[in-house]
Amino acid sequence: MAAGDVKAMAAEGVEGYRLEEQVGFILRQVGQRHAALFLERFGDVMTPTQWASMVKLEEKGPLSQNLLGRLTAMDVATIKGVIDRLTRRGLTEVKPDATDGRRRLVALTDLGREIVRAHLQPAFAVSEETLAPLDADERETFIQLLKKLR
């Protein structure tokens, strides 16, 4: 959309603004649908942010809480709460870094690794169901476009 288009639309006033056509509104609806599908598959086992943290720890191994937050797109307060809850459940553990005593590393426990492996299929199913209305080419294009927008 060109700058002139935005100005012309703004000049129309609220009558020209259709909420249902706004990217943020549509993204929120899609996000809500995806979250509902996640809840269907995962129930109260874990939240999407807990899942993201656990999958990233399984992929990368022990990480500082700060780096884990960056890799999972969570701010400092959010990642701290997520790790605190996972640790209370025995799914993660926090230990001093052997190479830097000031830093603490978060790692999955054996139980945490078991839960990640047991829930990979449901996680794939959530993505599959979210993208179900799209054919293979549309899916690839959609994901590429979303990555371009982040």
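Taking Rh as the Kirkwood radius, which is the inverse of the mean 1/r over Cα pairs, what is the Rg/Rh value for the stretch 15-64? Each step should come with its number before you reach the end.
Values: Rg = 16.1 Å, Rh = 13.3 Å.
Across the stretch 15-64, the Cα-based Rg/Rh ratio is 1.21.
What is the sum of charges around ARG70, taking Lys and Arg as +1, Asp and Glu as -1, for the other residues whose C-beta is under 15 Å from the C-beta of ARG70? Intermediate results must be reported in sequence, preceding the final value.
Working: positive: LYS56, LYS60, LYS80, ARG103, ARG150; negative: GLU59, ASP75.
For residues surrounding ARG70, the net value is +3.
Using amide H atoms built in the peptide plane, which far-off residues or other-chain residues are under 5 Å from LEU105 H to H?
LYS95, ASP97
When the accessible area of the chain is computed with all protein chains present and a 1.4 Å probe, what percentage of it is carbon and sulfur?
Of the solvent-accessible surface of the chain, carbon and sulfur hold 57 percent.
On the principal axes of its Cα set, how long, how wide and how thick is the chain? Give whole Å, largest value first.
Here the Cα extents, ordered largest to smallest, are 61, 35, 27 Å.
How much accessible area per residue does the chain have, in Å², with a 1.4 Å probe?
Numbers: 10340 Å² over 150 residues.
Here the residues of the chain average 69 Å² of exposed surface.
For the residue pair THR141 and ALA36, what label-to-label distance in nm results when each label sits 7 Å from Cα along the Cα-to-beta-carbon direction?
Placing both labels 7 Å along Cα→Cβ, they lie 2.6 nm apart.
Using a 7 Å offset from the Cα along the Cα-to-Cβ direction at both LYS95 and ALA132, what is the distance between the two label points in nm, to one decimal?
That separation, rounded to one decimal, is 4.3 nm.
Put a dot 7 Å past each Cα toward the Cβ at GLU21 and ARG104; how far apart are the dots in nm?
The two pseudo-label positions are separated by 5.1 nm.
Once the piece of chain linking LEU71 and GLU58 is laid out straight, how much longer is it, given 0.36 nm per residue of separation minus the C-alpha distance between them?
Values: separation 13, 0.36 × 13 = 4.68 nm, distance 1.27 nm.
Full extension of this stretch gives 3.4 nm more.
Let me check I've understood the local charge: for ALA132, count other residues with C-beta under 13 angstrom from its C-beta, Lys and Arg +1, Asp and Glu -1. What total comes out?
Values: positive: ARG33, ARG139; negative: GLU128, GLU129, ASP135, GLU138.
For residues surrounding ALA132, the net value is -2.
The values are calculated or read from the model by the stated rules, or taken from the named source; none is laboratory data. As the structure is a prediction and not an experimental result, all values here were calculated from the model. Quick reminder, even Gly has a Cβ in these numbers, built from the backbone with ideal geometry, and neighbours come from all protein chains shown. Accessible surface areas use protein heavy atoms only, side chains included; no ligands, DNA or RNA. Shrake-Rupley method; radii C 1.70, N 1.55, O 1.52, S 1.80 Å.
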